[in-house]
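Structure record follows, encoded as structure tokens.
A short reminder: the numbers here are calculations on the coordinates, not readings from a lab. Predicted model, so just to flag it, every value in this text is computed and none were measured. When we count neighbours, we look across all protein chains shown, and the Cβ atoms used for this are built from the backbone with ideal geometry, even at glycine.
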């Protein structure tokens, strides 16, 4: 028996001590400092080395662990048995799995200042090591991601920047060394700092739009999105900072186009009413007069028909420029449709001053001009309404000025007429009554027709669907386009009957084509905003589908952005009900109204149709190209199908392909076609040819 073996721990508490030690999860042992031999070992310690506790007693560390392990730990053991506190970790290979990681603690035992021995505690820390390794791996993956991504990434803890990537440095203009350790709020533009601080403190992980300050001082609009990341110690926040300059410019351009006439760049009716309301509010406070002039060009249609629409457009631009240059800066000029312009005189004019100014504008418009080398002289008719005598609000004044203008036109060319109450019941009402009777008769006599414009996939030219477009075969005027009668039909309560006919005829035709063996494709129809506010719209659609035998998936219903604005009540219920039927929903003429991601996210929309006004000048127009790019990206982010309207050139198609716009329609594919020609077109194009 080795020396001092009999001195192992004994006494009345030995059994209790042994029980406590053997139930501990750690491996525990005690070694004598003088002999370097084991005086105590719990069962976990002994078993780890293939021994019983009794067999471990009296053996040296070297004898217990074996020569190979001793060479690895000798330095640590010798330090512990010299009286030092020692902690070390090592990896223990396993024959049937990943290595274990153990932590060893050597704690010296002193009595009366003399070193007696050392307590050894060995703990399996494999789990903690595995967790730490996962965190390190995650951080390494994050590091690699931040290096390759083009999006700016900044990491902060408690508002202090701890790291970032090169994209962040390029965006903000600072080096990473300059950014690290600085408060992240220092780089947020002042008006967004309070919101950003609240965003950080709340731990939110949604997106918000703000702006950062570049090193050179200029502002950069950005979208910010943050995530909280776990880490050893305190968690940190990783923030994605996206430059939305292009998107913001495109949004501003869309907002401008929604409120301005694209041809003349003058305010349109929507913007005019906004500005007129503001002017009326100011005039009311200051007790001043206003004059509203509606100007209609005489025989403009003749110029369009004889010289072409391009010449007509050039003439409208010339008139717009002359009007804008002939009034004061605070007066208003707008184009409200066709060949109609509105001028609002805001400088407290009396009727005599107004007539003088109106006559001056007539002379300005009548001055000869040359359009494509052709000399032209055109005269205007004007109707005038005065505030406050003729009306108190924008709509009333515009209506009465228009009534006066119609009276002026009825009197011949180049006339000027002030509004008089007696005008309301005369010729204009008679004309409207006649048109209403003609429209009612058109439904009864079957004068409406549907034309079908093909939609194709941009990638390969395959047929993607048709859009059904209503036409009026007028007995005297010939084929009348919807722009000339739909607005009137809505105002006179006839639109619902027209919508019902369009829906039923489109579904009947789509089913007939399928019965004739043509491949089924979606057919889109345009319905009035009024339809979406009817409680029974979805039920009526379901009834038409059942009666015609058309499956709901082959019907797409198009609505405008302004219809989508009615987010509460019946419109929302109608959209949900149509989705439940399986009918597709598309936003028509997207970008010309209230373009907003927020509205799109709230509704079950399947498709966006980019308005033809944005397509017309791409890729030559940088502004319109930016808008189309932004709309396509917006649609992709919401997983929507994108259709470009009005595609007429191979260059436009090439750009749409490059942007990833999936579908198109326009004269490059085909114009709107009568039903039989649309059927023939589909048969002829069953094997599409790539258009370069």
For this session: Pairs of Cα atoms under 8 Å, at least six residues apart: use those to get the relative contact order of region 443-686, whole percent.
Result: 21 percent
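Run the helix sum for the chain: -39,500 (n - 2.57) per DSSP H stretch of 4+ residues, divided by residue count, reported at 222 nm to the nearest 500 deg cm²/dmol.
Roughly -13000 deg cm²/dmol at 222 nm, from the helical runs in the chain.
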For this session: Could you order peptides 192-199, 386-393 by the average number of other Cβ atoms within 10 Å of their residues, highest first?
Result: 386-393, 192-199
For this session: Please give, to one decimal in nm, the separation of the simple spin-label points placed at residue 372 and residue 302, each 7 Å out from Cα toward the Cβ.
Result: 1.9 nm
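How would region 260-424 be classified by its alpha-carbon gyration tensor: rounded, prolate or oblate, with rounded meaning a/c under 1.5 and the a/b versus b/c comparison settling the rest?
Here region 260-424 falls in the prolate category.
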Exercise. Normalised by the residues of the chain, what does the relative contact order come to in percent, with Cα pairs under 8 Å and at least six apart?
Worked result: 7 percent
Seminar exercise, completed: In degrees, nearest 10, the alpha-carbon axis of helix 14-23 is tilted away from the dominant principal axis of the alpha carbons of the chain by 30 degrees
Problem set entry | Gain upon complete extension [residue 459, residue 606; 0.36 nm per residue less C-alpha separation] | 51.0 nm
Seminar exercise, completed: Here the FRET efficiency for residue 311 versus residue 265, based on Cβ atoms and R0 = 22 Å and rounded to 0.05, is 0.70
Problem set entry | Cα-only radius of gyration and Dmax that characterise region 15-128, units Å | 13.8, 48
For this session: On a 0 to 90° scale, report how tilted helix 675-684 is relative to the longest principal axis of the chain, with both axes built from alpha carbons and the result rounded to the nearest 10.
Result: 50 degrees
Exercise. Percent antiparallel among DSSP beta bridges with both residues in region 260-424, to the nearest 5?
Worked result: 90 percent
For this session: Give me the number: length gained by fully extending residue 685 to residue 114, i.e. 0.36 nm times residue separation minus the C-alpha to C-alpha distance, one decimal in nm.
Result: 195.4 nm
Seminar exercise, completed: Kirkwood Rh for region 149-249 from C-alpha pairs, in Å, is 13.6 Å
Seminar exercise, completed: P(r) of the chain over all Cα-Cα pairs, 10 Å bins starting at 0, rounded to whole percent, reads 2, 11, 15, 16, 14, 11, 7, 5, 5, 5, 4, 3, 1, 0
For this session: Mind pulling the angle between the C-alpha long axis of helix 245-259 and the longest principal axis of the chain? Nearest 10 degrees, somewhere in 0 to 90.
Result: 20 degrees
Exercise. Label points 7 Å out from Cα along the Cβ direction at residue 481 and residue 328: separation in nm?
Worked result: 3.9 nm
Exercise. Relative contact order for region 15-128 using alpha-carbon pairs under 8 Å, separation at least 6, rounded to a whole percent?
Worked result: 25 percent
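Quick one: which of 440-447, 91-98 comes out on top by average Cβ neighbours within 10 Å, and what's the full order, highest first?
Highest to lowest by the protection proxy: 440-447, 91-98.
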Exercise. What distance in nm separates the simple spin-label points at residue 364 and residue 62, each placed 7 Å from Cα in the Cβ direction?
Worked result: 11.0 nm
